[in-house]
Amino acid sequence: MNPVIRAKGLQKSYGGQRVVDGLDLSIGKGECCGLLGPNGAGKTTTLRMLLGLIAPDAGTAMLLDLPVPQAAREARIRVGVVPQMDNLDPDFTVAENLLVYGRYFGMRDSEIEARIPSLLEFASLTNKRDAKVPTLSGGMKRRLTLARALVNDPDVIFLDEPTTGLDPQARHLIWQRLRELTQQGKTLLLTTHFMDEAERLCHRLAVLDNGKLISQGTPRELIEQNIEPQVVEVFGETSGQWAGEHAARYSQRFEVSGESVFCYVKDAQPLVAHLQGQSALRYLHRPANLEDVFLKLTGREMRE
Amino acid sequence: MNNRDFALPKLSLRFFPIWQRHWLVWKKIAAPSILGHLADPVIYMLGLGYGLGSLLPTMGGMSYMAFLAAGTVCYSTMNSASFEALYSGFARMHEQRTWEAILNTPVSLDDVVLSEILWAATKSLMSGAAVLAVIWVLGLSHSLMSLWMIPLALLIGLAFASLGLIMTALAPAYDFFMYYFTLVITPMMLLCGVFFPVTQLPESMQVVAGVLPLTHAIDLARPLMGGAIPPQALLHIGVLLAYTLVAFYVSLVLFRRRLSR
């Protein structure tokens, strides 16, 4: 079976700066794929090219077996989008937002009305049907945006930072819904800054930096391929000095960030034993996670 | 720079659900909106009509109030389309991101821009019809020919909506629209024959007035209100249509460039 989303050598520059640089990506049906990367890595631009909203400078993209942007209109009939920033209609109620949005897909009013109850139920908004958008909480708005993206019963759903700015309860509810969608066989492509989100939801991850795909695989593969399995974080005023004297002896790799030292190790036992004798230092021993991989691949410096 | 930006508009009926959206929003605020359509033009017409009209015996062969009535329909339709295309259009494009939401569906930018123009022209139609109703009630027009003012209001709306959208496409923020109103809309209101015949102006200013769209709108409106077929009607209609088509294309190119990021 053909992949649902396929990109080859995608390239896009703005004002001489290459934002996406030779990106290859292939996503199969029913897969949930996460695009990770620091701000400005080219995630949103990639999504916009795959949706056919902007034309690449070079390379080709296929969405649901249709070339985009050439046949973007036909392709988008079967696509749903959850944008990074809420763009619900503030003048409308919850139900009106769904009705008006469904019309853009050429759906008949009766057809949309028939779908609204199940969409509201999916978004846990049944009792908010006639509430105006400005009265909704951030989490409710996000869920309504998700319901709106499903109004046309799409095969593919694009989500640009779906849980940014939400509290933990709201995030968990969104995650649960996204998992239900993948169980229904929908294909999901999402961008996120949250490594726990990526680790929980995505079958496969693609890490972007400076417009280039620098690594991809399952969350487990990314961790196994890129980083030592154990991390010991060492804190304290003298941690910098300690790192200079001892860190290299006990760890395969270490990084100093302020008053914290991150030691990446295959076997943490000798290091932990040593640290137990250092009364001025505190430490935390944990398995390596995706955030460690991300920071290793994209560096610790701030991106603006 | 991209050749796709300069492609001719590809129009489809998919603009209609967007027009429906704007209509649904408008229905929620219909009462204050109709009041807004009426208050400003009617106060101008009555204030100037009685105040100035009592000093002037006739103007252009009719009472000053009747003279002013035709100009008022035209400038109030110009204003409704301009405000809608600039302020409301900018809100939908930029602030509320309504366009962004729509563009994620199988609707294209060409459809969105077309729907903006048609919606702003719809507002002109409503405002023109409202002012026309007041004119009838006041007995300032007795001819059925004045019913042609309704399609004319739509045409004026199309022209000024398209012109206004050029500004919307270029605007960094709402403040920018002040330039358009002070440098384009207000001069037109004063130079194009709303309050006095263009022939009263010095020759050089008449030349300027002659290329402005509102002049052509008023040249059509005043005879129609008096019950006559406007001289050179096809020329005036042609000018308004030309403004519409050229401005629509220019605004579309500008929107494509602005939103292709």
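Give the residues of the range B:164-187 whose amide nitrogen is closer than 15 Å to a point set 7 Å from the Cα of B:Val211 in the direction of its Cβ. Counting only backbone N, you get B:184. Take chain A and mark each of the trypsin sites (Lys or Arg not before Pro) that is in a DSSP loop with at most 11 other Cβ atoms within 10 Å; the longest unmarked stretch, sites excluded, is A:109-265.
The charge dipole of the protein assembly as shown, taken about the Cα centre with unit charges on the Cβ atoms of Lys, Arg (+1) and Asp, Glu (-1), comes to about 820 debye, rounded to the nearest 20. Using the alpha-carbon positions of the range B:1-129, Rg (one decimal) and Dmax (whole number) come out as 19.1, 60 Å. In terms of surrounding Cβ atoms within a 10 Å radius of their Cβ, B:Val134, A:Val207 rank from fewest to most as B:Val134, A:Val207. By the scheme Lys and Arg +1, Asp and Glu -1, what is the net charge of all other residues having a beta-carbon under 9 Å from that of A:Val261? Cβ neighbours under 9 Å give a net charge of -3.
For chain B, the relative contact order comes to 26 percent (Cα pairs under 8 Å, sequence separation of at least 6).
Within the listed set B:Pro32, B:Pro41, B:Pro187, the Gaussian network model of chain B (springs between alpha-carbon atoms below 10 Å) gives the highest mean-square fluctuation for B:Pro32. Each of A:Cys263, A:Cys32, B:Cys74 was scored by other Cβ atoms within 10 Å of its Cβ. Listed from fewest to most, they are A:Cys32, A:Cys263, B:Cys74. Taking the Cα centre of the range A:5-224 as origin and assigning +1 to Lys and Arg Cβ atoms and -1 to Asp and Glu Cβ atoms, the resulting dipole is close to 140 debye. Fraction of C-alpha pairs exceeding 43 angstrom in the protein assembly as shown: 37 percent, rounded to a whole number.
Assuming a ≥ b ≥ c are the square roots of the Cα gyration tensor eigenvalues, decide whether the range A:57-169 counts as rounded (a/c under 1.5), prolate (otherwise, with a/b larger than b/c) or oblate. Oblate, since a/c reaches 1.5 and b/c is not below a/b.
Averaged over its residues, how many other protein chain Cβ atoms are within 10 Å of peptide A:102-108's Cβ atoms? Working shown, then result.
Values: counts 2, 8, 13, 5, 7, 1, 0.
The mean count of partner-chain Cβ atoms within 10 Å per residue comes to 5.
Quotient of the Cα radius of gyration of the range A:165-292 and 2.2 N^0.38 Å, N being its number of residues: 1.30.
I need B:Trp148, B:Trp99 ordered by Cβ neighbour count within 10 Å, fewest first.
Ranking B:Trp148, B:Trp99 by Cβ neighbours within 10 Å, fewest first, gives B:Trp148, B:Trp99.
Comparing B:Ile43, B:Ile150, B:Ile237 in a Gaussian network model of chain B where C-alpha atoms under 10 Å apart are linked, the largest mean-square fluctuation is found at B:Ile43.
Considering only Cα atoms, the convex hull volume of chain A works out to 158 Å³ per residue. Near A:Asp89, once Lys and Arg are set to +1 and Asp and Glu to -1 for all other residues with Cβ below 13 Å from its Cβ, the sum equals +3. Peptide B:103-113 has a mean of 6 when you count, residue by residue, the C-beta atoms of other protein chains within 10 Å of its C-beta. With coordinates expressed along the principal axes, the C-alpha atoms belonging to chain B extend over 59, 42, 33 Å, beginning with the largest. Where both bridge residues fall in the protein assembly as shown, DSSP classifies roughly 70% of the beta bridges as antiparallel. Taking every DSSP beta bridge that has both ends in the range A:42-177, the antiparallel portion is near 50%.
When 1/r is averaged over all different Cα pairs and the result inverted, which Kirkwood radius in Å belongs to the range A:228-287?
This gives a value of 11.0 Å.
Among the helices of chain B, those built from whole DSSP H runs whose Cα atoms reach 15 Å or more along their own axis and whose mean Kyte-Doolittle hydropathy is at least 0.0 are B:30-51, B:64-83, B:109-137, B:149-170, B:213-226, B:233-259.
Mean partner shielding of peptide A:83-92, defined as the number of other chain Cβ atoms within 10 Å of each residue Cβ, is 5. Taken over the alpha carbons of the range A:108-239 as equal point scatterers, the Debye sum produces base-10 log I(q)/I(0) values at 0.18 Å⁻¹ of -1.07. In percent, rounded to a whole number, the relative contact order of the range A:1-47 is 35, using alpha-carbon pairs under 8 Å and six or more apart.
FYI, it's all coordinate maths here, none of it is from the lab. None of these values were measured; they are calculated from a predicted model. Heads up, the Cβs are rebuilt from the backbone with ideal geometry, glycines too, and the neighbour counts pull from every protein chain shown.
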